[in-house]
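Working notes, structure below.
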Amino acid sequence: MSHHTRALTLALLSCILLVVVVLFPVTARSPETVQLPDDAGPAELAIQVAPTVASVSAATSPRKGFRPPSLDLSYLRPSGKMPSGQANALQSRWDWREYGKVPLIRDQQACASSYAFASVASFESRLLIDGAGPHDLSENNVKECNWEAVNGNYMGSGSCLGGDPIMAANLFTQRGTVDESCDPYTDMDTACNTACPARQTLLDWSLLNGNTVPDTNLLKLYLQNYGPIATTLYTGNGDAWDAEFASYDGSYTLYHPGSEAPNSNVVIVGWDDALVHEGGTGGWIVRNSWGSYWGGPCGYGTEGGYFTIAYGSASIGMYSSYVQSWQPHDDQGGLLYYDEAGWNESWGYGTTTAWGLVRFTPTSSSWATNIEFWTTDTTTDVDLYIYDSFDGIAPSGLLYSRENLAFNEAGYHSVAIHPALSLQEANDVFVVVKLTNYAYNYPIAVDSHGAPELQRTFINPSGAPWLWDDAGAANADVGIRLRTTDQLADLAYVTLNPLTPTVARGDIFTVNIQIAAGPDLVDGAEVHVYFDPTFLQVVDSLGNPTNRIQSSGLLSQVLRNRVYTDTSPSRIHFAAGIYDPEEPRPSGTFTLATIRFKALWGTAGGSTPLTFGIQLPFKTEVTYGGSSILGGVQNGTVSITGQSRPGSFDNPLPIACGDSVSANTAGYQNRVASYGVCGDGFTGPEVAYRLEVQQPVSVTARLSTTADLALFLLPETNLENCLSIGADIAAELAPGAYYLVVDGLESGAFTLTLQCVSLAPPTVTPTLSPTPSATATSTATPTPTSTQSATPTATQTLVATETSSPTATSTATPTATATQTTAPTLTATPTATATATLATETPTSVHTNTPSPTPTLTTVASATATATPTLSPTRTATQTPTATLPVGLKRLYLPLLQGGYRGPMPSATATATRTPTASPTATATPALSATPIACGTRYSGSTVGQPSVFSSYGTCASGMVGPEVLYRLTLEASSTTLDLSLGADADLRLFLFQHGDPAQCLGMAGRGLATRVERLPAGTYFLAVDGPAAGTYSFVVHCSIEAASLAQGGELR
């Protein structure tokens, strides 16, 4: 499994400098984003971070304990939506104590831990309402084991420093509740007791509002329908209200007209519209955590510890929440997550919709039972998916989906997976959640307090390929989780036996479809099994293809039995039941039916899947009495040894120059997803061809397809050393074997054509000619004026033939000089060609003298001169022919020569330089027009309408015939490592090169496929966004330098 965005590896004593789209200070934050150009399309949106609030000081009194969360929740209001049948008419008085649904009063003593007491009391009331009986849960465990307390009272929260209800809810979802008897309360900071067994696990928790007082009738509605509400209020801070509240005896209804921010947590248990107070009538009945000696019974029983207060008084009702659902703690279960600190920031892309994706790696084989996540708005619509693959571009292999869910409050939610999904140890699964808020433009809840995980959690504005942003690279983790269990209780599940067989190509073998029902009786079953017809064929007992499988007869009435091979994957549909009331029903573990397979091709060291359908219309089911008893399905695989299908990497199809082949990658496997410098993330199936090259050739390969496919050129000796990628590839190849591979993001039909032109030298017949001759002509004609420049030209032809020993000797001393009285001497550089014909079989040497760039001369008079060089046989130069190669072949042959290659070589060609009498001024490489950029900043744009100057980037790629946009990056520190990543809506690449020469390509990032270039020296580098066609793009370059370079004052630009 490949991942297009490589994780940043932190070396010892290295300092990573990541300038990301957003920053994460502890202080208050306003919305942040990176501004994009005006022409940036909606596909390239920047992550936006919701405002946060400033950290506040610790609670001023040990009898209080509310600290507002870092989230700015001022936007949040209750939805007022009740489940069907629960929106009962409001009464004038309501008191949950009268129904026995409120736990006994507790005392937080000299510790600012009211957040723990209110959260526990709300949970205990939910247990009473649900009929689970009274529980005395540990407040001490909440105040000491929340993430903030465990992590050194992060931001001044946790333990006796105060906290908020999100902290407690996060703990209840991760670790669960524990009994007071195991972790008794103490009013001081102690270590977290991790030895206590968990009792209950929180599944659904709703946060109604933030720092606004909700409508009184709305709050009554929630209180009456969902139970006691944990909330906050202001209980004073050294003022008169502080003294009044501290001495309250329950004999009257409190009233405080102020609107100060709350600093204590309490639980509203009822209301009474007849209560009289200074501000009028009507007020709340509230449970405090200051012991039963404070306050009074306030209208019910004799237990003190309660108070009544006017509606809206002292900011009561801010940050209200309640427990909606829970489950007994599963000792065989677990929770996979990365948001250790829960929800403390909200992200989005400027709209109400965003997608989250989280990669989970099970540490043992288990069952996925629930998808869990945070929501950030009053109402959120949710779609859920689980996939078995994600290449950094798009998830694939859908395992589960559930859509069109709605959640009417912000908070934490859990959705059951039915049937439960089988998870295999170390086999990644990817949970995707689409969230659409009612109005709030930050739908993704993230944790920016805990340590971020790279390449584990991602967000996306639309769910489209290429647009997945790694949240870990932005210092946060997405709040999506997966709850698991090792054992499904009292439910049947469907599996295969054997689950993961290994067979040889050509073998006929059986796989049983089994039902493990435990003590449950089964009277009906329906199964749908998918398989790949490339590797497996359903056969009968004689080995002949068949469209049926064999029933065991335990469910006697076979309702459906058919194998369909006209689709890919192929599928098996089988259904059976029992209708006779006298017929016994099977239970325990039994075989429903048997599949007989024939292994057609090897799986090249991998396997081919056998997958149960769990979505309508092909949904696997087990029933008894007309009701489903299915708990889950367990998929299998088949590994096949032996020869792979022709066209796979270990059995490539032959191809030769001049061939044109048409095929389809459908039915092949995805065995290779990474092609070195040519990119990775190619998760579609691939077809491989093998090309034999007997002599040096120039190859042109062209791929014609409407699918998202590309052509890769690889040397057989090192398949990881990609030579080129594109729809059209042009390359010069030395003798040897090469692979041409068609791969991409999907399967599809294609046509591949291959043309070759030989680069071998022509055959030369040696001759003897005893008479040498030479002819030379040189002409230089400047036309000067006082203000103009003249460009002289020089032409010389020299032919020398002589009889010689095996050593080729030729001498030529041509000169061409024009002289005038009022002008400088003009020296023309001639082009001379000398051919030596030898009397032995010594190869012919051809020398080509290339003139320097034509000089520009300024004179004051005109002159015309012709000079004839002379051949001087007395001055001789001796040369032995060597294997010096042309530039195009040198790079290809050098690895062969270094490896001891002794095969045919091209003609030896040497290049000599003659120095003119007056040297012209050298012409420098033209300066590239490039936009300067900085590390860590995202840049977006379009290549549409830009010029097309470069088409080849050295060893990185060729065939980039589309327009390009150039950027310039200056590194002032040595030993700098660059991580390049690109998002685009077309087939674009991001090339890194130096010295303004694209042939000196250092690395390439593909569309959403990152690459790393390590330890670059200080200097100026160029980046080009280029490809076979034009398109829009967005990219970022992350830079990191070693500590030694930082110590020397290195900087990044």
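A compact table of results
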item: Listing of strands (runs of 3 or more DSSP E) fully contained in segment 568-612 that carry 2 or more residues being surrounded by 20 or more Cβ atoms within 10 Å (Cβ to Cβ) and in contact (Cβ under 8 Å) with a residue 60 or more places away in the chain; result: 589-599, 608-612
item: Residue in segment 352-362 that is in the same structural domain as N441 (by TED's automatic domain parsing), on the phi < 0 side of the Ramachandran plot, surrounded by fewer than 24 Cβ atoms within 10 Å (Cβ to Cβ) and over 22 Å from the mean Cα position of the chain (by Cα) present; result: no
item: N512 free of Cβ contacts under 8 Å to residues at least 24 places away in the same chain and either closer than 22 Å to G577 by Cβ or over 42 Å from the mean Cα position of the chain (by Cα) (or both); result: no
item: Check on A930, under 24 Å from S1040 (Cβ atoms) and crowded, with 20+ Cβ neighbours inside 10 Å; result: no
item: Enumeration of residues in segment 481-503 that are farther than 26 Å from F360 by Cα and either modelled with pLDDT under 90 or aliphatic (A, V, I, L, M) (or both); result: D490, V503
item: Which listed residue, of L496, L454, L421, is touching a Ser or Thr at 6+ places or on another chain (Cβ under 9 Å), part of a strand (DSSP E or B) and either of a type outside the set (K, R) or in the same structural domain as S366 (by TED's automatic domain parsing) (or both); result: L421
item: Enumeration of residues in segment 366-403 that are under 17 Å from the mean Cα position of the chain (by Cα) and under 26 Å from F172 (Cβ atoms); result: I386
item: Scan of segment 643-696 for residues that are more than 25 Å from Q755 (Cα to Cα), buried (at least 20 other Cβ atoms within 10 Å of the Cβ) and among the hydroxyl-bearing types (S, T, Y), ordered by number; result: S644, Y668, T683
item: Output for segment 178-225, where each listed residue is surrounded by 18 or more Cβ atoms within 10 Å (Cβ to Cβ), charged (D, E, K, R) and closer than 19 Å to G270 by Cβ; result: K220
item: Qualifying residue in segment 968-980 (condition: aliphatic (A, V, I, L, M), at pLDDT 90 or above and closer than 28 Å to D470 by Cα); result: yes
item: Conditions (1) hydrophobic (A, V, I, L, M, F, W, C); (2) assigned by TED's automatic domain parsing to the domain that holds N237; (3) more than 24 Å from N217 (Cα to Cα): number failed by A118; result: (3)
item: Checking V269 against (1) crowded, with 23+ Cβ neighbours inside 10 Å; (2) modelled with pLDDT under 95, the condition it does not meet; result: (2)
item: Residue that is under 13 Å from T623 (Cα atoms) and buried (at least 17 other Cβ atoms within 10 Å of the Cβ), where the choices are V527, V503; result: V527
item: Residue in segment 642-664 that is farther than 15 Å from V741 by Cβ and not in a loop (DSSP other than H, G, I, E, B) present; result: yes
item: Verdict on Y300 being in contact with a Lys or Arg (Cβ under 9 Å, 6 or more places away or on another chain), of a type in the set (F, W, Y) and assigned to a loop (DSSP other than H, G, I, E, B); result: yes
item: Residues (more than 13 Å from V429 (Cα to Cα) and either part of a loop (DSSP other than H, G, I, E, B) or hydrophobic (A, V, I, L, M, F, W, C) (or both)) located in segment 347-363; result: W347, Y349, G350, T351, T352, A354, W355
item: Residues located in segment 80-98, provided they are modelled with pLDDT of 80 or more and of a type in the set (S, T, Y); result: S92
item: Complete set of residues in segment 504-521 that are of a type in the set (V, I, T) and modelled with pLDDT of 95 or more; result: I508, T510, V511, I513
item: Residue tally, condition at negative phi and of a type in the set (F, W, Y), over segment 451-489; result: 2
item: G158 being closer than 24 Å to V53 by Cα and either charged (D, E, K, R) or free of Cβ contacts under 8 Å to residues at least 40 places away in the same chain (or both); result: yes
item: Looking only at segment 729-758, and only at residues there that are surrounded by fewer than 16 Cβ atoms within 10 Å (Cβ to Cβ) and of a type in the set (A, V, I, L, M, F, W, C), the one that is farthest from G397 (Cα to Cα); result: V757
item: Residue check, Y438 under 19 Å from S206 (Cα atoms) and buried (at least 23 other Cβ atoms within 10 Å of the Cβ); result: no
item: Scope segment 102-136; condition in a loop (DSSP other than H, G, I, E, B) and of a type outside the set (A, V, I, L, M); matching residues; result: P103, R106, Q108, Q109, C111, S113, D130, G131, G133, P134, H135, D136
item: Looking only at segment 405-437, and only at residues there that are at pLDDT 95 or above and hydroxyl-bearing (S, T, Y), the one that is farthest from N209 (Cα to Cα); result: S414
item: Residue check, H449 of a type outside the set (A, V, I, L, M) and more than 24 Å from A473 (Cβ to Cβ); result: no
item: Spans of strands (runs of 3 or more DSSP E) in segment 672-730 with at least 1 residues out of contact with any Ser or Thr (no Cβ under 9 Å at 6 or more places or on another chain), free of Cβ contacts under 8 Å to residues at least 40 places away in the same chain and not polar (S, T, N, Q); result: 709-715
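Each row is one residue, and each column tells you yes or no for (1) surrounded by 24 or more Cβ atoms within 10 Å (Cβ to Cβ); (2) in contact with a strand residue (DSSP E or B) (Cβ under 9 Å, 6 or more places away or on another chain); (3) among the β-branched types (V, I, T).
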| residue | (1), (2), (3) |
| --- | --- |
| N288 | yes, yes, no |
| G291 | no, yes, no |
| Y300 | no, yes, no |
| F307 | yes, yes, no |
| A310 | no, yes, no |
| Y319 | yes, yes, no |
| V323 | yes, yes, yes |
| H329 | no, yes, no |
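Conditions (1) among the charged types (D, E, K, R); (2) touching a residue at least 60 places away in the same chain (Cβ under 8 Å); (3) not assigned by TED's automatic domain parsing to the domain that holds A169, marked per residue:
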residue: P228; (1), (2), (3): no, yes, no
residue: Y234; (1), (2), (3): no, yes, no
residue: W241; (1), (2), (3): no, yes, no
residue: E244; (1), (2), (3): yes, no, no
residue: Y248; (1), (2), (3): no, no, no
residue: S259; (1), (2), (3): no, no, no
residue: V266; (1), (2), (3): no, yes, no
residue: D272; (1), (2), (3): yes, yes, no
residue: V276; (1), (2), (3): no, no, no
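The values are calculated or read from the model by the stated rules, or taken from the named source; none is laboratory data. Note that the structure is predicted; figures quoted are calculated from it, not measured. Neighbour counts are summed over all protein chains in view; Cβ atoms, including those assigned to glycine, are modelled from backbone coordinates with ideal geometry.
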